[in-house]
Amino acid sequence: MNPKLIDKPKSKITASRKLSLKIMLLTRAMEQLEQESQDRDEEKLSYLGERLPPLQLSGLSLAELQDLCKQLHGKIDVVDEERYDCEAKVTKHNKDIHELKLKVQDLGGKFKKPALRKVRVSADEMMRALLGTKHKGSMDLRSNLKSVKKEDTNKDKDKVLTSEVTDWRKNVEAMSGMEGRKKMFDASGGQ
């Protein structure tokens, strides 16, 4: 086969034309960004002009100035409450968005847990890996354990088992028949 036939088809737009188009797009985007920032600034100024009329402080008495301060503090409190409410809504929505993104990722199934290998590591090796060169000496975890005599524990278990068995038999013999039922009835506080 001819290698020229396999190659990608050439672009119909020349490189210089691509570059000029790219430059034109970038300049247009920059103009739009500047226009948006100017619009935002004008909108902010008009909003502040509506919400905050200019203060007329000249010719006011002390009592009138105090009333004005109280009114301004009241307005500040209202604005702070609105700001807090808006921030709470934004954080709630951001949290919801994050949870939904996690759900989408889970549903997509792109993330698979890798199969883990069992690795046998001693305590010394683990401490060396965690602490690096700071770890000195060996750490024998078994040396800190109490030693227990196995013979004593077996004898204690035998004693407990035999005492329970003997108590159980005596208890059954004592409670058999009508007298045993009467004793149970009396012990339970019956009348």
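Throughout, read-outs are computed from the coordinates displayed, never taken from laboratory work. Because the structure is a prediction, the values reported are computed rather than measured. So basically every Cβ, Gly included, is an ideal-geometry build from the backbone, and we count neighbours across all protein chains shown.
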Review point. Arranged from highest to lowest average of other beta-carbon atoms within 10 Å per residue, in what order do the peptides 54-60, 82-88 appear?
Key: 82-88, 54-60
Practice item. Could I get the Rg over Rh figure for region 12-57? Both from C-alpha atoms, Rh via Kirkwood, rounded to two places. Key: 1.47
Study note, to complete from the structure: Yeah, region 62-109 with a ≥ b ≥ c from its alpha-carbon gyration tensor (a/c under 1.5 is rounded, else prolate when a/b outruns b/c, oblate otherwise) is prolate
Revision key, fill the gap. Total charge of the residues flanking residue 28 in space, meaning their Cβ is under 15 Å from its Cβ, with Lys and Arg +1 and Asp and Glu -1, is -2
